[in-house]
Structures are given as structure tokens and as C-alpha cells.
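Asker: Okay, here's the structure, questions in a sec.
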Amino acid sequence: MDVKQNPGGNFNWIAPVYDALAFLVFGRKLQRAQGIFLDRIPPKASVLLVGGGTGWLLEQLLVRCKPERVLYLETSSQMVARATRRMARKSLPGTVIFWVGDETTLDPSNQFDVILTPFLLDLFNEQTLQNRLIPSLLRVLKPGGMWLVTDFVLPPAWWQKVLLWTMIRFFRLIAGIETRTLANWQQCLTDAGLSHQARKPQVDGMVSAEVWTR
Ligand SMILES: C[S@@+](CC[C@H](N)C(=O)[O-])C[C@H]1O[C@@H](n2cnc3c(N)ncnc32)[C@H](O)[C@@H]1O
């Protein structure tokens, strides 16, 4: 099933060219940023990966972290198809459940040690982050559990602000994401009671890779 009313948009159309577009604009920088804190994940962890796209981060996670199990939660069936093909093609080790759905479909009895949200929070406005996305994900994160976020932040230079504005407009048009501006997701995570543990600026300050704990 495809999630029709997802405020994070519908990425099915753009799935075939998403990675190529990201590479055209940023090279490998966005991928590198997502991998920065992977080494903090202990072996045999239960991991929820939300909005993983075509599966580049899943591959790194399985190879580098040896998790016990992964739930791959994605609203785009086309993205999930690409991630499953990648796993089969590369014979990646590990137990992965691919689930086409959003955070509202999570079962609270299924708890995780680690949550990963790579370039997901920037799709939503602050209201949705505060009232829907963050509470839904917190319900399935174990006490003391870790949340690794990699996402855009308000950048320092004027040309970066223009690039960010253009990207948000583009994804509003193509995928129908709800947000018009970049939400202050760091403040939303703090307000939700998460503790900030580490931060590394990436992509000349446009992106932040961060570790939060519940
Ligand atoms: C900007 S793309 C990032 C993809 C990938 N993380 C990357 O960096 O290449 C956002 C992804 O989140 C997915 N998505 C959007 N809203 C979602 C939600 N509520 N739950 C799960 N996935 C969602 C989209 O389908 C899309 O694949």
C-alpha cells in the first residue's frame, strides 16, 4: 500500500532518479554525512530506519553495525523496491523487514534500541514534527535508546539559503511535501525531552549529523 495522506509527500515518481539528483547537487557528501555516527550503534541492536530511500544507508548499517534486526519503514513503495533489490543484488547479511508505511503504522509493542532518520525531518512542518512524527517514533524507542538524525539545518551563507529554498520548493512541487520552510527540528527534539549527545556539521554547515538519546 502507498500512504496517500502522508505530509512527508509521495516519492514514488522521483524514486528512479533520486540518487542521481542528490549526487548531481552534492556529490557523495549527503551519504557521507549519514554514515558519520554509525559506529556508535552497538552490535546486535534492534534498529528502526525511517525514510531510508533507495537503501544506501541500510547497506552501510548491515555491513558496519551487524544489527540483530532492522525495520525499514518507508512510505514510497518504489523506494522500498529499490532497497530490497539492492539487498538481494549485494547479498547483504542480516534480518530486515521492509514495511511500506509511515510512523502511524508502528506497533508500540515493537521497541527499538536505535532509530535512524536520514533527511526525513526536513520534509515536515514544526506542527507535524511535534504532534505526530516525533511522538510516534518516541513511543517505539526504548528508554535510553539512541536516535541518529542527519538533516539540513539553516545554513550560514546566502547561496546555501537559496539552494535550500529551491530544494524545498522542488520537493513541494514534485513530491508534495507539506513544509514551506525548514523546521527547527533540533528545538522540536529538545522540546520532546530528548537529550543531545553529539553533533558534527557537514556539507559546509548545511547539514548536521547528530546523536540524541531518550
Ligand atoms: C528526502 S528523501 C531521503 C531518502 C534517503 N534517506 C536519502 O538520504 O537518500 C525522504 C524519504 O523519506 C520517505 N518518507 C517521507 N515521509 C515518510 C514517513 N512519514 N515515514 C517513512 N518514510 C517517509 C520518502 O518516501 C523518501 O524516500
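The values are calculated or read from the model by the stated rules, or taken from the named source; none is laboratory data. Owing to the predicted nature of the structure, the values given are computational and were not obtained by experimental measurement. As a convention, Cβ positions derive from the backbone with ideal geometry for all residues, glycine included, and neighbour counts pool all protein chains shown. When the accessible area is computed, the model is the full protein with side chains, heavy atoms only, and any ligands, DNA or RNA have been set aside. Shrake-Rupley method; radii C 1.70, N 1.55, O 1.52, S 1.80 Å.
Asker: Just to verify a result, which residue in the range 5-36, among those that are β-branched (V, I, T) and crowded, with 17+ Cβ neighbours inside 10 Å, is farthest from the ligand (Cβ to nearest atom)?
Answerer: Step by step, filter the range 5-36, then rank; the result is I36.
Asker: So is N125 open to solvent by 10 Å² or more (accessible area, probe 1.4 Å) and without any contact (Cβ under 8 Å) to a residue 24 or more places away in the chain or not?
Answerer: On the way: open to solvent by 10 Å² or more (accessible area, probe 1.4 Å): yes; without any contact (Cβ under 8 Å) to a residue 24 or more places away in the chain: no.
Taking the combined requirement at face value, the residue does not satisfy it.
Asker: A further question on this structure: Identify, from the list L141, L137, the residue that is in contact (Cβ under 8 Å) with a residue 12 or more places away in the chain and either within 13 Å of the ligand (Cβ to nearest atom) or within 20 Å of N10 (Cα to Cα) (or both).
Answerer: L137
Asker: While we're looking at this one, here's another question. Return the only residue of T105, T128, T150 being among the polar types (S, T, N, Q) and within 21 Å of G205 (Cβ to Cβ).
Answerer: The conditions single out T150.
Asker: Moving on to the next point. Under the condition of being among the hydroxyl-bearing types (S, T, Y) and touching a residue at least 40 places away in the same chain (Cβ under 8 Å), which residue from the range 182-214 is most open to solvent (accessible area, probe 1.4 Å)?
Answerer: Looking at residues that are among the hydroxyl-bearing types (S, T, Y) and touching a residue at least 40 places away in the same chain (Cβ under 8 Å), I get T213.
Asker: Restricting to the range 143-176, count the residues that are under 19 Å from L106 (Cα atoms) and either open to solvent by 70 Å² or more (accessible area, probe 1.4 Å) or among the acidic types (D, E) (or both).
Answerer: The total comes to 1.
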